[in-house]
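The values are calculated or read from the model by the stated rules, or taken from the named source; none is laboratory data. Since the model is a prediction, treat every value here as computed from it, not as a measurement. Every residue, glycine among them, receives a Cβ derived from its backbone with ideal geometry; neighbour counts consider all protein chains shown. Ligands, DNA and RNA are stripped out before the accessible areas are found, and what is left, the full protein with its side chains, is counted by its heavy atoms. Shrake-Rupley method; radii C 1.70, N 1.55, O 1.52, S 1.80 Å.
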Amino acid sequence: MHEYKLIILSPGGTEQFIARRDLYMRNGQGFALVYSITAQSTFNDLKDLREQILPVKDTDDVPVIIVGLEDERVVGKEQGQNLARQWNNCAFLDSSTKSKINVNGIFYNLVRQINRKTPVPGKARKKSSCQLL
């Protein structure tokens, strides 16, 4: 069994989590960068989150998925897709926990990305642990 550290980052957050972000970023193998499609400012803040991750990981090829949380759309889907193309064609999904849309897909996608970068010998079952920030 192999354990993955998948980190969910959103632009907001309480001070206690913001202070620990570097630690989470250092230990994380894959990152779900989440924004609200009802708030353009949360989408704009994703760039800052990525800019914090890259130096900690010392590479620009980090497993990342951009996740737009659905509700009443303000941020266009095209904006998320364009940002994903700019970031080495990283993955992009719209997701809704309320409607159960693409929730599992976020984690499956990140684990697939991690496996491509660091394949695990054999076909051992994968276990992932996630932290919400």
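In the set (1) in a helix (DSSP H, G or I); (2) modelled with pLDDT under 90; (3) of a type in the set (Gly, Ala, Ser), Ser41 fails one condition alone, (2). Here Asp61 qualifies as out of contact with any Gly (no Cβ under 8 Å at 6 or more places or on another chain), among the charged types (D, E, K, R) and not in a helix (DSSP H, G or I).
Those residues that are open to solvent by 70 Å² or more (accessible area, probe 1.4 Å) and touching a helix residue (DSSP H, G or I) at 6+ places or on another chain (Cβ under 8 Å), I need them from segment 85-112; list them, please. Once the filter is applied, which keeps residues that are open to solvent by 70 Å² or more (accessible area, probe 1.4 Å) and touching a helix residue (DSSP H, G or I) at 6+ places or on another chain (Cβ under 8 Å), segment 85-112 yields only Thr97. Exactly one residue among Lys100, Lys47 is within 13 Å of the chain's Cα centre (by Cα) and of a type in the set (D, E, K, R), and that residue is Lys47.
Residues checked against (1) modelled with pLDDT under 90; (2) open to solvent by 20 Å² or more (accessible area, probe 1.4 Å):
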| site | (1), (2) |
| --- | --- |
| Gln16 | yes, yes |
| Leu23 | yes, yes |
| Asp45 | no, yes |
| Gly76 | yes, no |
| Leu83 | no, no |
| Asn115 | yes, yes |
